[in-house]
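Inspection log for the structure reproduced underneath, given as structure tokens.
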Amino acid sequence: MIDKNYFKKVRKEFHTYALVRRDVIKHAGDALHHAKRAIFETHRGNMGEAKAKIMEAEKYILELHKKYKKYPQIHNEGSYQAAVEEIVESILFYQFANGQKLSKPKTLQVADDVFLAGLCDLPGELYRFSIKAATDKDHETVKRCVEQAQAIIGEITEFDFTKYLRTKADQARGAMHKLEIVAYELSLRGEK
């Protein structure tokens, strides 16, 4: 015999969470979009717009926290983690561009592994930022980008990452290498 009441209860829970998950995917996707726009605006120097996009992205995540407080498993959903990781990256890049100390977001609860993944993405943005600076012959900004990336690599080298974070750390090292090439090529020009 099968306990039909038990299976009915489990089916209901699975169905309910499937609806929650769809909503999380939708709102996390919106948050991710705003975080990417924040990075884009930071690259363009539109700091007011970048800050507004960061706040909008955070708002989506905070609404998910409030709405689904009794479903902590949403924090393990890939779409949720990707959105928070992108928000972390956008905040860190915004902090860098504004000459601020890089720090964990104050308004969001961010798991350490998600924060580290976002941090590992930052050297890629620094590389892109340095390309524009090098084009403008802005040696000081290129130097700041290299120094910041070196500091990040110095910190993540202290970890023994595996799986996803290992891949992210390797990507950060690759971006660091590209940054060093930009700085080297800029130094060969001899222009100040």
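The values are calculated or read from the model by the stated rules, or taken from the named source; none is laboratory data. Remember, predicted model here, so these are calculated numbers, not experimental data. Please note: Cβ atoms are built from the backbone with ideal geometry, for glycine as well, and neighbour counts cover all protein chains shown.
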Tell me which residues, restricted to the range 1-37, are modelled with pLDDT of 95 or more and over 12 Å from A83 (Cβ atoms).
-> R37
Taking the range 144-173, which residues are within 23 Å of Q100 (Cβ to Cβ) and buried (at least 17 other Cβ atoms within 10 Å of the Cβ)?
-> R144, C145, V146, Q148, A149, I152, I153, I156, K168, A172
Can you find even one residue in the range 127-142 that is of a type outside the set (G, A, S), at positive phi and either over 13 Å from the mean Cα position of the chain (by Cα) or in the same structural domain as I39 (by TED's automatic domain parsing) (or both)?
-> yes
In the range 115-143, which residue that is without any contact (Cβ under 8 Å) to a residue 24 or more places away in the chain and part of a helix (DSSP H, G or I) is surrounded by the fewest Cβ atoms within 10 Å (Cβ to Cβ)?
-> E140
Can you spot a residue in the range 50-59 that is more than 14 Å from K26 (Cα to Cα), at pLDDT below 95 and either assigned to a helix (DSSP H, G or I) or outside the structural domain of T135 (by TED's automatic domain parsing) (or both)?
-> no
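Specify the residue that is nearest to the chain's Cα centre (by Cα); the eligible residues are those in the range 68-82 that are in a helix (DSSP H, G or I) and without any contact (Cβ under 8 Å) to a residue 12 or more places away in the chain.
First, pick out the residues of the range 68-82 that are in a helix (DSSP H, G or I): 72-76, 78-82.
Pick out the ones that are also without any contact (Cβ under 8 Å) to a residue 12 or more places away in the chain and you get 72, 76, 78.
Numbers: P72: 21, N76: 16, G78: 13 Å.
Filtering first and then ranking leaves G78.
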With the checklist (1) closer than 17 Å to K168 by Cβ; (2) in a helix (DSSP H, G or I); (3) of a type outside the set (F, W, Y) in hand, flag the one item L62 doesn't pass.
-> (1)
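Return yes when A149 is over 20 Å from E85 (Cα atoms), of a type outside the set (D, E, K, R) and part of a helix (DSSP H, G or I) and no when it is not. Give the steps one after another, and end with the answer.
Working: over 20 Å from E85 (Cα atoms): no; of a type outside the set (D, E, K, R): yes; part of a helix (DSSP H, G or I): yes.
It is false that A149 is over 20 Å from E85 (Cα atoms), of a type outside the set (D, E, K, R) and part of a helix (DSSP H, G or I).
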Do any residues in the range 47-58 that are exposed (fewer than 15 other Cβ atoms within 10 Å of the Cβ) have Cβ atoms under 8 Å from those of residues that are not in a helix (DSSP H, G or I), where the two are at least six apart or on different chains, and which pairs are they?
-> M47/N98
So, in the range 83-114, of the ones that are modelled with pLDDT under 95 and assigned to a helix (DSSP H, G or I), which residue ends up surrounded by the fewest Cβ atoms within 10 Å (Cβ to Cβ)?
-> D112
